[in-house]
Amino acid sequence: MGAAKNIWAILEAEDESSGNNVSQIPYSSMVVDTSLPLPRIIPLLIELCKDLFKNWRELDDSLFSVERVSGGITNLLLKVSVKEDTERQVSVTVRLYGPNTEYVINRERELQAIKYLSAAGFGAKLLGGFGNGMVQSFINARTLDPSDMRQPKIAAQIAKELGKFHQVDIPGSKEPQLWVDILKFFERASTLRFEEPDTHKLYETISFEELHKEIVELREFTGILNSPVVFAHNDLLSGNLMLNEEEERLYLIDFEYGSYNYRGFDIGNHFNEYAGYDCDYSFYPSKEEQYHFIKHYLQPDKPEEVSIAEVESVYIETDAYKLASHLYWAIWAIIQARMSPIEFDYMGYFFLRYNEYKKLKPLTFSLVTSSLSASV
């Protein structure tokens, strides 16, 4: 709770000096216990909203309703609706951070980026903060499924939005964070102990010496590609994409992992997410599907005018960085296996991602090396 308040204090100080208005965003010191069943969380959320928004403080609790929107493998999202009068109902989204997520998520970095991304039209508007979460405007749209991302029309929309997202300027350091974050994850993952004997036995089968060598080798290999550095989403899975089909408007949401990073990583990571949490990589986009996405990313208004050479260059770059995506989330999963209370086979997820990395590595290295040799 104290750490969260400190983050908001930092943002207020920064924005007072720059003339922005994030200091006007209300903050509550409340912490909502995410381990409680929903019926017990509901009155706490009502209390939280009344604490944050003064125009709701005198309203009767019966005018509030709460429903679960979704729950990924890090956060819990809830929709709070309020009947402000007989004709007007307002809804907000309350995002409860998963316990121990500070081990893998830089909340200060996230909050610093949100206000600029929101101003650029991305995601939901930040309305308030509290000890273990935030309140944002409610987006009237459905969350995508992995299969949606394969549809050519939706893929083109995602590519167009990602292209615009990558053009947003976020003040501060522009240094790419990929290898900084991976090495930080590695340091934490390599010193864990598990209470469950079976999980610890699995953990002991991981060769961290081998894993570190792979990180160093891949960092050097991808470095020769000179992938442009952009402000990247870094977690563009289907659950972080919403679509209002009536308005044909696509939303990129949840910027927890957002940072300056390599363009190839953000696109390659998105392609990996076609496989879903089950990691069925038979759904990884074909070369034709990747070309379709890349063309709309580079030139959404006239995709067919993008040169094949330019598309092929991004395709090669993306193919290399998809390996980094596998390493990133594999090592992330080891930490989550120890820290997260959410029922998900994180250790199994590590092996799925790391085994896919090892399977693809020789093919990708050969493809990239051949392409670079041909272009000399």
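Of everything listed in (1) under 16 Å from the mean Cα position of the chain (by Cα); (2) exposed (fewer than 15 other Cβ atoms within 10 Å of the Cβ), the single unmet condition for residue 187 is (1). Return yes or no: is residue 198 in a helix (DSSP H, G or I) and surrounded by fewer than 16 Cβ atoms within 10 Å (Cβ to Cβ)? Against the criterion (in a helix (DSSP H, G or I) and surrounded by fewer than 16 Cβ atoms within 10 Å (Cβ to Cβ)), residue 198 qualifies. Checking every residue in the stretch 107-123 against the condition of being over 18 Å from the mean Cα position of the chain (by Cα) and either acidic (Asp, Glu) or modelled with pLDDT under 90 (or both) gives at least one match.
Test residue 84 against the stated conditions and say whether it is touching an Asp or Glu at 6+ places or on another chain (Cβ under 7 Å) and not β-branched (Val, Ile, Thr). No. Do the conditions hold for residue 250, that is, is it touching an Asp or Glu at 6+ places or on another chain (Cβ under 9 Å), in contact (Cβ under 8 Å) with a residue 60 or more places away in the chain and farther than 26 Å from residue 360 by Cβ? In short, yes.
Counting only strands (runs of 3 or more DSSP E) wholly contained in the stretch 237-351, the ones carrying 3 or more residues that are surrounded by 17 or more Cβ atoms within 10 Å (Cβ to Cβ) and within 15 Å of the chain's Cα centre (by Cα) occupy 259-262.
Filter the stretch 128-162 for residues that are out of contact with any strand residue (DSSP E or B) (no Cβ under 8 Å at 6 or more places or on another chain) and hydrophobic (A, V, I, L, M, F, W, C); which is surrounded by the fewest Cβ atoms within 10 Å (Cβ to Cβ)? Looking at the filtered set, the residue picked out is 156.
Each residue in the stretch 42-55 was checked for being modelled with pLDDT of 95 or more and in contact with an Asp or Glu (Cβ under 8 Å, 6 or more places away or on another chain), and 3 pass. Sub-9 Å Cβ pairs linking a first residue in the stretch 192-206 that is free of Cβ contacts under 8 Å to residues at least 24 places away in the same chain to a second residue that is among the basic types (Lys, Arg) and assigned to a loop (DSSP other than H, G, I, E, B), at least 6 apart or interchain, are 200/193, ordered by first then second residue.
Among the residues of this structure, residue 11 does not count as one that is at pLDDT below 95, assigned by TED's automatic domain parsing to the domain that holds residue 125, outside any helix (DSSP H, G or I) and crowded, with 19+ Cβ neighbours inside 10 Å. Can you name the residue in the stretch 201-236 that is assigned to a loop (DSSP other than H, G, I, E, B) and among the polar types (S, T, N, Q) and, of all such residues, is nearest to residue 112 (Cα to Cα)? Per the criteria, the residue is 234.
The values are calculated or read from the model by the stated rules, or taken from the named source; none is laboratory data. These numbers were taken from a predicted model, which means no experiment stands behind them. Note that we place each Cβ from the backbone using ideal geometry, even for glycine, and neighbour counts take in every protein chain shown.
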